[in-house]
1. Tell me the mean residue ellipticity at 222 nm calculated for the protein assembly as shown from its helices only (DSSP H runs of n ≥ 4, each -39500 (n - 2.57), averaged over every residue, nearest 500).
2. Under the Kirkwood approximation applied to all pairs of distinct alpha-carbon atoms, what is the hydrodynamic radius of region A:57-172 in Å?
3. Considering amide H positions built from the backbone, and no H for Pro or chain starts, which residues 5 or more places from B:Gln98, or on another chain, come under 5 Å of its amide H?
4. Which percent of the Cα-Cα distances in region B:494-560 go past 19 Å?
5. Given just the C-alpha atoms of region A:6-52, how large is their convex hull per residue in cubic angstrom?
6. When the convex hull of the Cα atoms of the protein assembly as shown is projected onto a plane and the area is averaged over all directions, what value comes out in nm²?
7. So for chain B, Kirkwood radius off the Cα pairs, Stokes-Einstein at 10 °C and 1.306 mPa s: how many µm² s⁻¹?
8. Net charge within 9 Å of B:Val572 by Cβ-Cβ distance, Lys/Arg positive one each and Asp/Glu negative one each, not counting B:Val572 itself?
Amino acid sequence: MIQDFTYLKPGTVKEALTLLTDHVDECKIVCGGQSLLIPMRQGLLVTEYLMDIKGLDELSYIKYDAKEGLKLGATTTHRAIEQSDVIKKHYPVLALMEERLASIQTRNWGTIGGNLAHADSAGDPAPVLMTLGAKVKLASAKGERIIPLDEFYTDLFESAMEHDEMIIEIQVPPPAAKMGAAYQKFNLLQNDMGVVGVAAMMTADANGTCKDARIVLGNAGVTPIRAKNAEQVLIGKKISDQLFVEAGEAAAGDADPVGDIHASEDFRRHLIKVLTKRMAKQAWEQASK
Amino acid sequence: MTTTSLAKQKLSVINTHVVNIDGIAKVTGRATYTFDVKLPGMLYGKILRSPHPHAKILKIDASKALALHGVKAVVTGKDTLGIKQGIWRRYQELCDEQILPVDKVRYIGEPVAAVAAVTEEIAEMALDLIEVDYEVLPAVYEPMDAMKKEAPTIHEGVERNINVTRHIEWGDVEKGFENADYIREDSFFCGGQAHMCMETRAAVSSFTPEGKMTIYHSNQSAYYLQALMAGVLGMREGDIRVIAQYVGGGFGGKFELDGAIFCSAILTMKLFRPVKICYTREEDFIATKRRTPMHYWVRTGVSKTGKFLAREARVVSNGGAYTGMGATALYLTGFFHSFPYKWGGYRYDGYRVYTNTLPSTSMRGFGAPQAMFCSEQQLEWIAADLGLDPIEMRRQNGHTPGYEVPGQAYIDSCGLDEAFDIMAKWIKDKGKLPENRGIGFSAAGFMSGGIFNWFDTPYSFSSAVITINEDGTVILHIGATEIGQGSNTTMAIIAAETLGCKVEDIKVHSGDTDHCPADLGAWGSRQTLMTGNAVMRACEDAKHQLLEFALAKMGLNIVYDLDIKDRWVHIVARPERGMPWEELVKIATRGKDGQRIIGRGYYTPHRKGMISPAYSYMLQGVEIEIDKETGKITLIDSLTAHDCGQPINHLGLIGQLEGAFSMAAGYGYLEYMPYEDGKLMNPNLVDYKMIRATEMPETPVAEIDTYEPEGPYGAKEAGEGLTNPTAAAIGNAIFHALGIQMKECPIRPHMIVNALKEKAEKDKTAKKGK
C-alpha cells in the first residue's frame, strides 16, 4: 500500500526547482514512475511530497548537432529515444538498448531522466551512455552543473545529486570517427532487466589498432562499473579474438557482483566474461568496418 | 447413448468454429469476477500472516487494532471452531489444516488473524497494530531433513513428519530386473511451481441473521467449497451458497479452502455485514499452495531390443505444512510415471513429507509433469546407451487400445501409435539442425477426471438439468465451473449438438450451488467427459420427450427414426420431411399441460478401474537453441501430436494446448521457487519468470482421430495432459544438442554451463585414458 503524500505538479522547470528547494529533504521526484512506484507500493519508500515533473514539456527533446553531439531532455521518454531517426543514425546502440528496455508500455511512459536518477545498477541506459562518454546536467534553484555520468553513481541507488537538484539534460558527445558500440544484457525473458549487462565502445585508428575502449558493466556491483582493466587489455593493441577473451577475463575481475536468486556471484562473473568478449568484438567489428 | 454412432457420422455443432460464449463479456469488461463484486454495506478484510516458519502462538492482542477508526472486527483462531479440515474427507488424519490456526503456525505466510474495516487501507494499517507473541520453534524445510529422527515435529503424532505414503505395484518386478540386459538408475529433482492465476484468490462472504451464508469466490469447484465451508463453520451445506462467478484461472490451486474464503466468512458471521478479501499477488505466492517438489529415484530394466521389463521408482515429495491435494498428487505421479507404456513389472513407493514451507498440492498435470520429466529423459538416455531408435523403442512398449494397466486402469481409445508416426516425420523433416540447436520429444498421457472419491460425496460426480422454453431457447444448469478453460462453451456445444438446436439458443448457468446441481468441479480434466456426459444425457432425456410429440404429430410408423439437427426436426431417412424446432417445442409444451420440457442427466463412472474413465495420449516435440557459453535456452519450434478423442471445440482446444505448452515449458526452464529459511525469495512477477508471448514458439497441433466410447461424442481429456511432457522434451533436446543430462528442473542456465564444463573435463580424462 502506498503511504499518503502531497502531490506537487510544477508547470515549469523554475517552479519545480523552487518547490524542490522548499521541501528539500522530504521530496521525491517522479518522472514516469515506472521504477519509483514499485518500492513505494512495497512500503520501502515513504515520502512527504512527491513532485511529478513528467509534464515538463520544456525538458522533452532530442537535439543533435554534429559539433555539440546529442542532447536529451530529462523528460524524454524511452520510446521517443528508441524511435528517433537521428539517434538511430548516430547512436544506433542507444536505440537498440531502448528497444530491449522493459515493455512498450513502460517505454511509452518512463523517461530517460527518471531512469538515470533512480540509480539502479541494473538499469540499461547508464552503461551505454557511460561508454559513449555522456554527461548529465543537474539544476537546482542555485544554478546548474554538468558532471560526467562516470562520476554520477556513488552507491546502491545513490548518486552525486544533491537533494535540491534534479537532472534536466543528458549530453552525449558526437560519435568519434571509426567508433563502434554494443550492448547486451543477459536475461531469461526478452526485455527483462539484465542479470548482468555489458556495454562496450571501441574506436579504431587508421592502422587497425584500438585507439580507445570503454567497457561498462551493469548489475555487476552496487553501481554501473567501468571495467578499466578490461579496457586496458584492448587500448593501443592490435586486436585479435584472443584479446577479447582476455578483456572478458579482466572484466570479470573488475566486476563486484552480488549473488541472488537469479545468478550466483560466480555465475555473474562468468556471464560478464562472456558478454564482455562478445560486446567488445561486436563494437570492434563496427569500428573497424 | 442411442444417438452416439449417428452423431459420430454427422456432427453439426461439435468441432465447428464456435467462439467462446463468454468471450464478448470478457473482452468488453462486462464479465464480473469476484474482485468486482460489491455488496451494500460491504467491509474489506485483510489477513495478518506469520513471519515465522514454525512457532507457537502464545498470545494475540488486537486491542490497538480495534481502536483504529474504521476497524470493525479482528478475528483469530479462537473465534473459529478450530476444526482441522482437508479435502481428503474420508481420511481424518489427512484433515490437518486450520485455516486460522489456534495454537501453532507451520509456514511463513500462514494466516494468524484477520481484520475487517471500512476500507482496505484501514484494514491493512490495522494489521501492523495487532501484537502477536510467538515462541519460535526449530523449523525444517527439506523433506530429506524432515525425515531424520532429530527433526522437529511439525504435526503432533506424525512420525518422522511422513504425511502420506503410497504404493503401486504390478507384475513381477524382480524377475523383470533379472531378465534385463540393461539396467539404469538415475536420481532427479523436480521443483515447485506457482499456479499463477491471473485472478488472485478472492472472496466476498455475506452472512444474514436468518443463518444463511452467501459466498462469492474465485474457485474451481463451488460444491467442494460449499461442503468444506459447511464442515468448518458447523453449518448445513444447504445453508451455504457458493457462487463461482467468472474465474480468472485455477490450474489446480482453487478447489481447497483458502484464507480469503475462510476469514471473510468468520468476519461476516461476527458482523452480519458482507466482507471482501482479495489477495495481493504476493499473498497469492506465499500463502496459497504450489506444485509439489519431488525427489525421484528411478531404476529401469530393459532387454537389449528395448523391451520394458521392469521399473522401480521412489519419490520423496516436499509436502510443505499441510496435506491439501498433495496426497493425490503423490499417487498420480506414481501412476503416470508408468505412462504411456506396458511394463513387465512396475513398483512405486511415494513418501510425502511435512516441512515448514508453503504446502504443496495439485497443479495442472497433478504429479505427472514431474513423473514424465524423470521417466522420459531416462528412457531417452537408455535408447542412446543401447543405440536404439528412441521412437521405435517407445512404440514397441506403448499402450494400445484394449490394454489393461494391471489392477489400475482400462485403456479404451489410444492414438499413441499414430502420434509416434507424426513425431518421427516431424523430426525427419527437420533434417540436419543448425549448430547449437536440438530436438527432443516426450510422450505422456493423462486422465479424463478422477474416479477416486476421497471427498466421499454422496452426489453423482456430475449432473445437469436442461430446461427448454416454449420459444425454443434453452437453459442449461450445471454445477461445473467455468474457470477460463471454456467449459461453459463446451457444454453449450454438447447441448446444442444433442438437442439439435444452435449454440446461441443455449444459456449456461454454472458454478452456483443454489441454482445448479452438484458437480465435483474443474479439476483432473474431468468436466468435458463427466459433465459432458451429464449434459448429453440431460439433453437426450429432453429430446426424447420432444420426439414423442413429433412422432405423434407427424403420424409416423413407429419404426421411423426421428432426429433434430440445426433446429430442424426430421425423419432420418427423409430429412426434408419435418418441422421447425420452435414449433415442436411449442407443441410439446402444450401437450404437457404447459409444463416446460426439462431433461435431467448425471454421470458417475463405473467399471472403469480406480483412476479414470478414459486416457488421452500425446507426444510433445520441441526444437530449442542453446547458448553454450551462457546456458540460455530459446524455444524455436514445437509440434504436438495429440489424441483427445473427438475434439468438441477446435478453437478452445488450441487455446488450451497453447496454455499447457507455455506452463509446461516454463516448468522446464524458467519457473523457480527458491526458499531461504522457509521464505520464498521471489514472490512477485518481476523475479518469478514465466513465459511471455515473446518466448512462445509456434505450437502447431496434429490431432489424431480417435473415438473414446466412454466420453460424450467420443471426447476425452484435453488441455491439462499437455503440461506433462514438455519439460522432459526440453531436457531431451538439450541432451541431443550437447550430450548432457539434466536431472533437475527447472533447467537453469548455470546448470547447463556447469554440466558442459563437467562433460569437457570427463571427455578430456577419457581421451588421456586412451
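Any read-out appearing in this document is the output of simple, stated calculations on the displayed coordinates, not a laboratory observation. None of these values were measured; they are calculated from a predicted model. Quick reminder, even Gly has a Cβ in these numbers, built from the backbone with ideal geometry, and neighbours come from all protein chains shown.
1. About -9000 deg cm²/dmol.
2. Evaluated on region A:57-172, it is 14.1 Å.
3. B:Gln85
4. Working: 1046 of 2211 pairs.
Summing the P(r) tail past 19 Å for region B:494-560 gives 47 percent.
5. Details: hull volume 3.0 nm³, N = 47.
Cα-based convex hull of region A:6-52, divided per residue, equals 64 Å³.
6. Dividing the Cα hull surface by four gives the mean projection, 48.9 nm².
7. 58 µm²/s
8. Details: positive: B:Arg574; negative: B:Asp561, B:Asp563.
That works out to -1.
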